[in-house]
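Report on the following structure.
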Amino acid sequence: MAIQTRGKIKRCDHGELESQQQIVFRASGLLDQADSLLGAADLCLRAAGKTAEVRHLLNRVDAVADEADKLLERALVGEGDSARLIEGAFDSLPQGYELGFPPSHEDVRDLITGADARADEARQLGDELPAGDLGAALSERIAQVRARASTLSGDLARVWNAEDSSGA
C-alpha cells in the first residue's frame, strides 16, 4: 500500500502546481526587482539630463555675465571719455560763454549757432578786403567753419535722437 500511495503522490498534480507557483512567485520577485532597477536607471538618466541642462544654463549665465562685464567696462571707459571731453569743452569755450553740466541739447545747439554767427561776421569783414590771397584764405577758412558747423548740427540731431531712443 505504501508503494501504491507513493505512486499516487508522484502522479498528483498538486506538487507540480506548487512548484510552478514557486517559480512564478520567484520570477515575479525578480521582475519587481528589475522594474525597480529600471525605475532607478530612469530617474538617474532624468537627473543626468537635468544636470546637463543646468550645466548648459550655467555656461550661458557665465557667457552673459562675461558679456555684461565687457559692456560695463565699455560703459565705464565711455563715461570717463565723456567726462574728459566735457572738461575739454569747458576749457575751450571763448570768454563769456557758459554751459550747463552736463551740456544739454540746447547748449550744444547754441554753440553751433554761435559759431555760424561768427562765421557770418567773419564773412562780412572779409567782404571789406580787397581781392587777393588774404581774402581767399579767409573765405576758405569760413567755408571750413560752416562745413564743420553743418556736420556738427547733423551729429547733434543724431546723438540726441539716439540718446532719446535708448531711454537715457
Point-charge dipole on Cβ atoms (K/R +1, D/E -1) for the chain, about Cα centre, debye to 20
2140 debye
So for the chain, Kirkwood radius off the Cα pairs, Stokes-Einstein at 25 °C and 0.890 mPa s: how many µm² s⁻¹?
95 µm²/s
Which net charge results when you count Lys and Arg as +1 and Asp and Glu as -1 among the other residues whose beta-carbon is under 13 Å from that of residue 60?
-3
Looking at 80, 65, 37, which one has the Cα that reaches farthest to the positive end of the dipole of the chain (charges on Cβ: Lys, Arg +1; Asp, Glu -1)?
37
Low-density loop cleavage sites - GluC sites (Glu not before Pro) in the stretch 57-105, where at most 16 other Cβ are within 10 Å (DSSP):
98
Ignoring ligands, DNA and RNA, what accessible area per residue does the chain give at 1.4 Å, in Å²?
84 Å²
For the full complex of protein chains and a 1.4 angstrom probe, list 90, 25 by accessible area with the highest value first.
25, 90
On the formula 1/(1 + (r/R0)^6), with r taken between the Cβ atoms of residue 45 and residue 18 and R0 of 35 Å, the FRET efficiency rounded to 0.05 is 0.30
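The values are calculated or read from the model by the stated rules, or taken from the named source; none is laboratory data. Source: prediction; values computed, not measured. Backbone-built Cβ (ideal geometry, glycine too); neighbour counts: all protein chains shown. SASA here: full protein model, heavy atoms, side chains in, ligands and nucleic acids out. Shrake-Rupley method; radii C 1.70, N 1.55, O 1.52, S 1.80 Å.
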